[in-house]
Amino acid sequence: MKKAAINALKKAERIAARTGVKLSDWEDEFLGSVAERIKTYGRAFGDADKGDLSAPLSMMQGRKLKEITAKAKGEARGFPPRRGGRKGPAKPD
């Protein structure tokens, strides 16, 4: 799983280079620093509240990686809004 995460980070960089999409400084730093932390520690986060400790990326890091990859591919960025959700109180008859 660790190797798959590193490959996904490298893939995002390769796609951006191949398509000519310029990643921001923050995105470049994110991809590099996360890869380094995975190589060094086996995962890129240490807080159990942020995700499964056996996973190499936290939930938010995984989401940001997907957003960067979508940007590199030229696809719409972000995630669609959640459906459903909480509704207001029931109206009395």
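Nothing in this text is a laboratory measurement; each read-out follows from the coordinates by a stated rule. Here the structure is a predicted model, which is why all the values come from computation and not from measurement. Cβ sites come from the backbone with ideal geometry, for glycine too, and all protein chains shown count toward neighbours.
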Here the residues of segment 37-62 lying in the modelled label zone of residue 17, meaning backbone nitrogen under 20 Å from a point 7 Å along Cα-to-Cβ, are 37-39
For segment 2-73, the convex hull over Cα atoms projects on average to an area in nm² of 4.3
About its Cα centre, segment 2-73 carries a charge dipole, from +1 on Lys and Arg Cβ atoms and -1 on Asp and Glu Cβ atoms, whose size in debye to the nearest 20 is 420
